[in-house]
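Right, one structure below, let's go through it.
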Amino acid sequence: MKHTFLSSALALFAVLSLTLSSAVFAGERVNLWPEGKTPNFEPHQTVPTYEICVPAEKKSDTCVVVFPGGAYQGCCDQHEGVAIANYFNEKGVTAVIVRYRVSRPKTVAKHVTAWQDAQRAVRTVRSRAAELGIDPEKIGCTGFSAGGHLTLMTSTTSQTPAYEPVDELDQVPCHVNFAIPVYPAYVLEDGNDGPNSGKGNDSTMVADFAFDAKTPPMCLIHGDLDVYSPMGSVAVYHKLRTMNIPAEMHIYANVKHGFGGIRGEQHVSAWLDRVKAWMTVMGF
């Protein structure tokens, strides 16, 4: 039964790869949704897109989907998007930058439209796996601040549909195989809509994250002076540990929020190298 399901899924991926436009080139921003079918459409929000970044010398069949931060109000897509994609490309890894909808929606919770975009983006990447030369079961995501929250949403709730299907692409699974939340925001109850009111030491995790059966291994990155408390990452790590899901965590001393990209103090500037080493150990 399992082999039949896998064969059917792979066949679906192949069909979708052929039906999707073959004129999409690396570096081009492509709309995530068919025209007129964006769920919870709100006219004040940006048009969500994805951008495929292909390495000049491909050395891996892994793909990293990147969610920039911006408080769900804007999109920090340079140092938390382009710089990250460039790093992975230099390592021979394909990256996809997702510019999800901002600013915050008015009719649903702050993250819902971005969550919908994230699930759609993972489905899109998986459907194009053969075309991109990636393994459909080696797709991970990383994100920063609000994008870190979105990374946790994407990686822990793939069995919960964020929207009603709009076309055949939505038959493709939206789970990720690994996740890298970087200084995620809105993780604890004392900071579910902004910076933590305290240090987060005695706060519980928000109920946004399902931690379902498809929750993957994670590598968490945070600074210990972050106003979005690193205790959020600690809480996630603890939850993963109780579920026997492999996890690694790096919390940097005297580091504030938003060091992103390849910026930061000398002792934190190599955080991406630590992430890449973890990916290698985990088989990605």
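Projected over all directions and averaged, the alpha-carbon convex hull of the stretch 195-282 occupies 6.3 nm². Quick one: helix 112-127 against the long Cα principal axis of the chain, what's the angle to the nearest 10°, folded into 0 to 90? The helix 112-127 is inclined about 50 degrees to the chain.
Looking at this model, which pairs from K138/K256; K106/K214; K256/K276; K106/K256; K138/K214 are more than 25 angstrom apart at the alpha-carbon? The answer is K138/K256; K106/K214; K106/K256. Taking the square roots of 5 times each eigenvalue of the Cα gyration tensor of the chain, largest first, gives ellipsoid semi-axes of 28, 21, 19 Å. With the simple spin-label model, which puts each label point 7 Å out from Cα in the Cβ direction, the N31 to K59 separation comes to 3.8 nm. Compared with the dominant Cα axis of the chain, that is its longest principal axis, helix 271-281 is turned about 50°.
For the chain, the longest principal axis of the C-alpha atoms and the axis of helix 2-19 are separated by about 80°.
Quick note: the coordinates plus some simple rules give every number you see, no bench work behind them. As the structure is a prediction and not an experimental result, all values here were calculated from the model. With ideal geometry, Cβ positions are generated from the backbone for all residues, glycine too; neighbour counts draw on all protein chains shown.
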